Amino acid sequence: MWEEVPACTRFNFAPVLASFDQLLVGAWLTVRLSCAAMLIGLVVSVFCAWGKTAGPAILRHVIDGYIEIIRNTPFLVQIFFIFFGMPSLGLRLSPNSAALLALVVNFGAYGTEIIRAGIESIHKGQVEAGWALGLSRPQIFRYVVMKPALRTVYPALTSQFIYLMLNTSVVSVISADDLAAAGNDLQSATFASFEVYIAVTLIYLALSVGFSALFYALEKAAFKYPLGR
């Protein structure tokens, strides 16, 4: 005969549903942090990719050092350095600002290598054709190099964005008000650990699937032109 499940092990989602708006506020900040970090990080990535492929030697060495440091250290340590270490240098940031800066720095390093690979995939003959047509260096970089390179690296960049968004869960350690922090606060108030983190997991899953579908639709709409070689 089956024994009755003790009351202490029965799941109760009522407290989570009652405070679900708190999780949605945290999810909204997660989306804002991720989108802002990606937009700013893309600017950093494009500049660094240009520096690695066409910049002076000293700039290439600086960019290489930046990439190696970021890609070979934990994201958590990077956040701690920015939030706890930089005040020693006179730069004190709020938790949300420190989280944004850490995400930008992290995305910039990975995005640089992604975009650099796309730039180097462009055949030199296409660049030479641009020179033959009288295009300026910025025009060649924008139309001949970046446009087809962006199409090539678009899937990798979108995957990096999803990874970046999931990485925002780490910023709760410095009290940034993201989804993970909202979940921690709600768990502390309700003691419904299983229910709260099931809800948080489902929200992260919904965000990842939703952005993946959005990026797929954008890819179909934006990259209809043929990829020439």
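The values are calculated or read from the model by the stated rules, or taken from the named source; none is laboratory data. Quantities reported herein were computed from a predicted structural model and do not represent experimental measurements. Please note: Cβ atoms are built from the backbone with ideal geometry, for glycine as well, and neighbour counts cover all protein chains shown. Surface accessibility is based on the protein's heavy atoms, side chains included, excluding ligands, DNA and RNA. Shrake-Rupley method; radii C 1.70, N 1.55, O 1.52, S 1.80 Å.
Summary of values
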| item | result |
| --- | --- |
| Residues satisfying the stated conditions in segment 184-197, i.e. surrounded by 14 or more Cβ atoms within 10 Å (Cβ to Cβ) and part of a helix (DSSP H, G or I) | Asn184, Asp185, Leu186, Gln187, Thr190, Glu195, Val196, Tyr197 |
| Residues (among the aromatic types (Phe, Trp, Tyr) and either in contact with a Lys or Arg (Cβ under 8 Å, 6 or more places away or on another chain) or free of Cβ contacts under 8 Å to residues at least 60 places away in the same chain (or both)) located in segment 137-195 | Tyr143, Tyr163, Phe191 |
| In segment 85-123, residue nearest to Asp64 (Cα to Cα) [restricted to those that are without any contact (Cβ under 8 Å) to a residue 24 or more places away in the chain and either assigned to a helix (DSSP H, G or I) or aromatic (Phe, Trp, Tyr) (or both)] | Leu101 |
| Qualifying residues in segment 53-84 (those that are over 22 Å from Leu164 (Cα atoms) and outside any helix (DSSP H, G or I)) - the one most open to solvent (accessible area, probe 1.4 Å) | Pro56 |
| Any hit, segment 124-146, residues being part of a helix (DSSP H, G or I), of a type in the set (Phe, Trp, Tyr) and within 23 Å of Arg32 (Cα to Cα) | no |
